[in-house]
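Inspection log for the structure reproduced underneath, given as structure tokens.
The values are calculated or read from the model by the stated rules, or taken from the named source; none is laboratory data. All values reported here derive from a predicted model rather than from experimental measurement. Don't worry about glycine lacking a Cβ; one is built from the backbone with ideal geometry, like all the others, and counts go over all protein chains shown. These area figures cover heavy atoms from the full protein model, side chains too; ligands, DNA and RNA do not enter into them. Shrake-Rupley method; radii C 1.70, N 1.55, O 1.52, S 1.80 Å.
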Amino acid sequence: MLQVAIAGAGVTGLVTSIAFAQHGHQITIYERKSEDVFANEGGAGIQLQSNAMRILHTLGIDIGNVGHDSGGVVVRRYATEGPLGLVKPVAGAQIFVLRSDFRRLMLAQALARGVRIHFDTDIAAVDAARPALLLKKGASINADLIIAADGIRSKVRRSLFPSVQPQVRRECTFQFQVPFSELESEAARTIISSRNANLIVGPNTTIVASPIFSREIFDLQFITQGYGLEDDPHPDTWNEYIPDMTDLRRRYRNHGPVTQESISRGKGVWKWRHAECFAPSWTSDNGRVILAGESCHAMLPYAGQGAGMCIEDAAVLAEMFHNVSAGVDNEQISQRAKLYQDLRQPRTTRCHRRAQALGASFSQPDGEGQRKRDAATRTAQAKKDKLPPQGDPNAHPLSNEFDNWLEQYDAVREARKALQKAGLLEVQASKL
């Protein structure tokens, strides 16, 4: 059994805590936000693809009360909002859920498994040699293993690798929600009555829109290219509420009727400035401090796999350390930490490339390139269904072969294969 300290109670931290607790480790999470803020926080919708849902199922987690199987994503043309095609996994469920609802459910699952959590506890740095989390209020927390799940602005990462900094992008997402009851047109009622998520593509703009049936709201995320720091009244603030929707209405004035109706009902938007951050190394030299999730691979949202990659990290980390006890020497810890990085880093890097490529594809101007993209969208699902479901990680990031690999990847199986190859897998399979 290990004493594991986790920095951050986001998706990565909470799912990691659940996965480690499955193996009998003692887990404590340290979260900067207060319990009241965490309990009442809002948030945009996220897609959990089949690769992430497979892990949640293995952990015995049912999210059916807060999310729904979208049955795929309908890609739509911005001007008319007519459908170009439906894209979905070749196998497995694809769930749409509010990030805040998902986090609160994961918190309940973690607490039920004996995980302890300290809210309103800010981290200042980490001492990798001990190892220990150094808290802002002066205390230090010793542990056998420390996992940094404290996001793109990770203080643990900054302490280990101060030269690694987030790269702010020229994209922003503006997100708001509209109650079902306020959408009255036939076009809007048709969209919100369907379980499908919607991706509306247009020049310099992408909209992710989906009904959230558990709350009876329509969640809209307006991803805006070219929103440079010079355009932003508050360029140093990555997340803020903007009560004036004038600029958003101007930027999306050429979109179709459902977009116009939704914007007219909006009372204000939440701004989310896009940034990326990829750490060259994910562990301390002794392997006792490990980065996970957006602390080491924060990427653009276009691939719909940001949360999925975090959930995969959690499962692989738990698998790597499932049979490790306190008192094991640093060499063994370091070996397992390196296996985790060697397995996860290439996959998240490939996913990052797909996200960048999709962002460019979705937002291209009207013309020949856009027509080729639309034609490919119309035939994408038929081609996906005919291809081997395991896909190809070396295919082009925009290809259907790559898409299948991304969705049908089994992170736990790959972790076990890596452990077996290294001679570290017990004869008896792990619980996860």
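If I filter region 305-324 for residues that are more than 23 Å from Gln22 (Cα to Cα) and of a type outside the set (A, V, I, L, M), do I get at least one hit? Checked against the condition, which is being more than 23 Å from Gln22 (Cα to Cα) and of a type outside the set (A, V, I, L, M), region 305-324 yields at least one hit. The requirement of being in contact (Cβ under 8 Å) with a residue 12 or more places away in the chain, open to solvent by 30 Å² or more (accessible area, probe 1.4 Å), assigned to a helix (DSSP H, G or I) and in contact with a helix residue (DSSP H, G or I) (Cβ under 8 Å, 6 or more places away or on another chain) is fulfilled nowhere in region 313-328; no residue meets it. Here the condition is being farther than 26 Å from Leu425 by Cα, outside any helix (DSSP H, G or I) and open to solvent by 20 Å² or more (accessible area, probe 1.4 Å); of Gln364, Gln356, Gln390, Gln381, it holds for Gln364 alone. Filtering region 169-184 to residues that are open to solvent by 40 Å² or more (accessible area, probe 1.4 Å) and either part of a loop (DSSP other than H, G, I, E, B) or modelled with pLDDT of 95 or more (or both) leaves Gln177, Pro179, Ser181, Glu182, Glu184.
Being surrounded by fewer than 22 Cβ atoms within 10 Å (Cβ to Cβ) and within 19 Å of the chain's Cα centre (by Cα) holds for only one residue in Val97, Val90, Val66, and it is Val66.
Summed over region 128-160, residues that are open to solvent by less than 50 Å² (accessible area, probe 1.4 Å) and either under 19 Å from the mean Cα position of the chain (by Cα) or of a type in the set (Asp, Glu) (or both) total 9. All of (1) surrounded by fewer than 18 Cβ atoms within 10 Å (Cβ to Cβ); (2) on the phi > 0 side of the Ramachandran plot; (3) not small (Gly, Ala, Ser) hold for Glu81 with one exception: (1).
Here Ile191 clears all of (1) closer than 21 Å to Arg273 by Cβ; (2) buried (at least 20 other Cβ atoms within 10 Å of the Cβ) except the condition numbered (1). On the stretch given as region 117-138, residues that are assigned to a loop (DSSP other than H, G, I, E, B), among the small types (Gly, Ala, Ser) and touching a helix residue (DSSP H, G or I) at 6+ places or on another chain (Cβ under 8 Å) total 1. Glu35 fulfils the conditions (1) of a type in the set (D, E, K, R); (2) open to solvent by 60 Å² or more (accessible area, probe 1.4 Å); (3) in contact with a helix residue (DSSP H, G or I) (Cβ under 9 Å, 6 or more places away or on another chain) except for a single criterion, (3).
Would region 402-409 turn up any residue that is open to solvent by less than 30 Å² (accessible area, probe 1.4 Å), in contact (Cβ under 8 Å) with a residue 40 or more places away in the chain, in a helix (DSSP H, G or I) and out of contact with any helix residue (DSSP H, G or I) (no Cβ under 7 Å at 6 or more places or on another chain)? No, there is no match, as no residue in region 402-409 is open to solvent by less than 30 Å² (accessible area, probe 1.4 Å), in contact (Cβ under 8 Å) with a residue 40 or more places away in the chain, in a helix (DSSP H, G or I) and out of contact with any helix residue (DSSP H, G or I) (no Cβ under 7 Å at 6 or more places or on another chain).
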